[in-house]
Amino acid sequence: MSKDWERAYAEGDTPWDKGSAAPPLVEYLKGHQIAGRALVPGCGTGHDARVLAAAGAEVTGMDLAPRALARARKSAGADTVRWVEGDFLRLDAEERDAYDWVVEHTCLCAIDPAQRETYVQSVRGALKVGGFYWAVFFREVSHYDGSGPPHPIDAAEIDILFAKGFELIQCYTPERTYSCRPKGCEEVRLYRRV
Ligand SMILES: C[S@@+](CC[C@H](N)C(=O)[O-])C[C@H]1O[C@@H](n2cnc3c(N)ncnc32)[C@H](O)[C@@H]1O
């Protein structure tokens, strides 16, 4: 059964929300530019979306859960982001071929592994040709018993999922992580849509 995200926000059961943007994204933005239109799927309350907007991107934060977006819209700096309630796995026509960047953090791990190919089709569908997919992948999730989310993903599966239609530009283990996520459990990759 898929997770009821709206209920999790209603009940305040949101352990993924650390109150700040993903440290690997903050680290990346110190040395690189993410410019143009950027989509953050599964943006939650919007920490990553706001940090991207502050760095100069024209950002859309998308999430299924109305309560997450209601919080995002009330946050400081909210008006720098376009917030969209929607299912990333079923993109509207206006979100297609529309983005220079898709920035992934804790959306893929939230999705049922059986839907990963659909997720990758949405990444490809959202990006303009030549656009970039920047992602923090969860390679390891402690005490994972298959019931997730979060669902970890291994390097071989990432390779297969993005083998067609994407060119791998960069792959590294981020130095900066939330303290609850030990270094090495996350991997950053940058792909270009070809
Ligand atoms: C683990 S939470 C991460 C939220 C945010 N990225 C963060 O780090 O705080 C996963 C988020 O993805 C959203 N989500 C799950 N499936 C989605 C889908 N198919 N389309 C859009 N959002 C989705 C959930 O509502 C939830 O806000």
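What number of residues in region 20-33 are closer than 24 Å to residue 87 by Cβ and either of a type in the set (Val, Ile, Thr) or in contact (Cβ under 8 Å) with a residue 40 or more places away in the chain (or both)?
As a first pass, look at region 20-33 and keep what is closer than 24 Å to residue 87 by Cβ: 21-22, 25.
Among the residues that remain, those that are also either of a type in the set (Val, Ile, Thr) or in contact (Cβ under 8 Å) with a residue 40 or more places away in the chain (or both) are: 22, 25.
Adding up the residues that qualify gives 2.
For region 172-194, name all the residues that are hydrophobic (A, V, I, L, M, F, W, C) and under 17 Å from residue 30 (Cα atoms). Explain how you work it out, then say what you get.
Narrowing region 172-194 to residues hydrophobic (A, V, I, L, M, F, W, C): 180, 185, 188, 190, 194.
Those that are hydrophobic (A, V, I, L, M, F, W, C) and under 17 Å from residue 30 (Cα atoms): 188, 190.
Would you confirm whether any residue within region 57-71 is within 23 Å of residue 179 (Cα to Cα), at pLDDT 95 or above and among the hydroxyl-bearing types (Ser, Thr, Tyr)?
Checking region 57-71: not a single residue is within 23 Å of residue 179 (Cα to Cα), at pLDDT 95 or above and among the hydroxyl-bearing types (Ser, Thr, Tyr).
Would you pick out the residues in region 135-194 that are among the acidic types (Asp, Glu) and surrounded by fewer than 16 Cβ atoms within 10 Å (Cβ to Cβ)?
Kept after step one, since they are among the acidic types (Asp, Glu), are these residues of region 135-194: 140, 145, 154, 157, 159, 167, 175, 186-187.
Across region 135-194, the qualifying residues are 140, 145, 154, 157, 159, 167, 175.
Determine, yes or no, whether residue 88 is among the hydrophobic types (A, V, I, L, M, F, W, C), more than 19 Å from residue 21 (Cα to Cα) and within 14 Å of the ligand (Cβ to nearest atom). Don't jump to the end; show me each part of the working.
On the way: among the hydrophobic types (A, V, I, L, M, F, W, C): yes; more than 19 Å from residue 21 (Cα to Cα): yes; within 14 Å of the ligand (Cβ to nearest atom): yes.
So residue 88 passes the test.
Please work out which one of (1) buried (at least 20 other Cβ atoms within 10 Å of the Cβ); (2) more than 17 Å from the chain's Cα centre (by Cα); (3) of a type in the set (Ser, Thr, Tyr) is the condition residue 122 fails and give its number.
(2)
Would you point out which residue out of 7, 50 is surrounded by fewer than 17 Cβ atoms within 10 Å (Cβ to Cβ), on the phi < 0 side of the Ramachandran plot and of a type outside the set (A, V, I, L, M)?
7
Count, please, the residues in region 1-49 that happen to be among the basic types (Lys, Arg), farther than 25 Å from residue 171 by Cα and under 16 Å from the mean Cα position of the chain (by Cα).
0
Under 7 Å between Cβ atoms, at least 6 apart or on separate chains: pull out the pairs that start in region 1-19 with a residue that is in contact (Cβ under 8 Å) with a residue 60 or more places away in the chain and within 10 Å of the ligand (Cβ to nearest atom) and end on any residue that is not in a loop (DSSP other than H, G, I, E, B) and not aliphatic (A, V, I, L, M).
If the second residue must be not in a loop (DSSP other than H, G, I, E, B) and not aliphatic (A, V, I, L, M), the pairs left are 6/66; 6/67; 9/67.
Against the conditions (1) more than 16 Å from the ligand (Cβ to nearest atom); (2) small (Gly, Ala, Ser); (3) over 20 Å from residue 40 (Cα atoms), where does residue 131 fall short? Just the number, please.
Result: residue 131 fails condition (3) only.
Among 124, 139, 96, which is away from the ligand (no atom under 12 Å from the Cβ), more than 26 Å from residue 10 (Cβ to Cβ), at pLDDT below 95 and not hydroxyl-bearing (Ser, Thr, Tyr)?
Result of the check over 124, 139, 96: 139.
If residue 111 satisfies all but one of (1) under 25 Å from residue 165 (Cβ atoms); (2) more than 9 Å from the ligand (Cβ to nearest atom); (3) buried (at least 16 other Cβ atoms within 10 Å of the Cβ), what's the number of the condition it fails?
(2)
The values are calculated or read from the model by the stated rules, or taken from the named source; none is laboratory data. Treat the numbers as computed from the prediction; the structure is a model and nothing was measured. No Cβ is skipped: glycine too gets one built from the backbone with ideal geometry, and neighbour counts run over all protein chains shown.
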